[in-house]
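The values are calculated or read from the model by the stated rules, or taken from the named source; none is laboratory data. Being a predicted model, the structure only gives us computed values, none of them experimental. Cβ atoms come from the backbone with ideal geometry, glycine included; neighbour counts cover every protein chain shown. Only protein heavy atoms, including side chains, enter the accessible area calculation; ligands, DNA and RNA are left aside. Shrake-Rupley method; radii C 1.70, N 1.55, O 1.52, S 1.80 Å.
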Amino acid sequence: FFILPVAGGLAVAADDIVLVALGDQWRGAIMPLRFLAVYGAIRSLALMLSPVLIATGHARRNLDRTLIAVVLMPILFFIGSRWGLTGVAAGWIVGYPLASLPAYLLTLRLLQMTPGDYLRAIWPALSATLVMVVTVALVRLVAAEWPLVARFALEVTVGAATYAGLVFFQHRGRVEAFLAVLRAARRGQAAPTAADSTGSLIAP
């Protein structure tokens, strides 16, 4: 709900973000930022791997994932370095999914979920993020001749309004269930079992 839209916004508006926040001398950071934003989105979807594997007695599989990354990632970084920082950043979005895929499939099996089940679970945030990215891209085309700061402010406003509106109005039940879990965690209570209007399980 939080990381995906931020990552999507960084990816689609990386040039304006860099130029507004850092200045024209940092223009070379634009493409690496775009790639690392995509990596951040992928990484956010894998946060459950280590806790689930360790809690279910499969810590060795989690270690295996780390060892695969230790071998694979430097190779990809070395290859990518031919294209500078952009190539190194691209190594993250190629190598991390490859290193994590076996652990990911095992984690889904341990949770008794199919890939389709997991996709449906993240679909509210994922679909709203995709629509937001397309909307912001269209705004960038329409406002291409605007002053940089004004265009960036418009992108942020439209992107935030699009994402918040889609999530709230199309997936309100999921949002309310998610907030209920957060409130319970803040009070130190067991997370409630909740289902949204589609019947999707939110928390165990």
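Here are the numbers for this structure:
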{"read-out": "Qualifying residues in region 1-21 (those that are part of a loop (DSSP other than H, G, I, E, B) and in contact with a helix residue (DSSP H, G or I) (Cβ under 7 Å, 6 or more places away or on another chain)) - the one surrounded by the fewest Cβ atoms within 10 Å (Cβ to Cβ)", "value": "F1"}
{"read-out": "Which numbered condition F78 misses (of (1) without any contact (Cβ under 8 Å) to a residue 24 or more places away in the chain; (2) under 30 Å from A137 (Cβ atoms); (3) among the aromatic types (F, W, Y))", "value": "(2)"}
{"read-out": "Positions within region 24-38 being open to solvent by less than 40 Å² (accessible area, probe 1.4 Å) and of a type outside the set (A, V, I, L, M), in sequence order", "value": "P32"}
{"read-out": "Output for region 67-89, where each listed residue is under 16 Å from M31 (Cβ atoms), of a type outside the set (F, W, Y) and surrounded by 14 or more Cβ atoms within 10 Å (Cβ to Cβ)", "value": "G80, L85, T86, G87, V88, A89"}
{"read-out": "Among residues of region 48-63, those that are part of a helix (DSSP H, G or I) and either within 20 Å of the chain's Cα centre (by Cα) or surrounded by fewer than 16 Cβ atoms within 10 Å (Cβ to Cβ) (or both), counted", "value": "9"}
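So that you can scan it fast, the table gives a plain yes or no per residue for (1) open to solvent by 50 Å² or more (accessible area, probe 1.4 Å); (2) in a helix (DSSP H, G or I); (3) touching a residue at least 60 places away in the same chain (Cβ under 8 Å); (4) not aromatic (F, W, Y):
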residue	(1), (2), (3), (4)
T107	no, yes, no, yes
S127	no, yes, no, yes
V133	no, yes, yes, yes
W146	yes, no, no, no
A150	no, yes, no, yes
G159	no, yes, yes, yes
T162	no, yes, no, yes
V175	no, yes, yes, yes
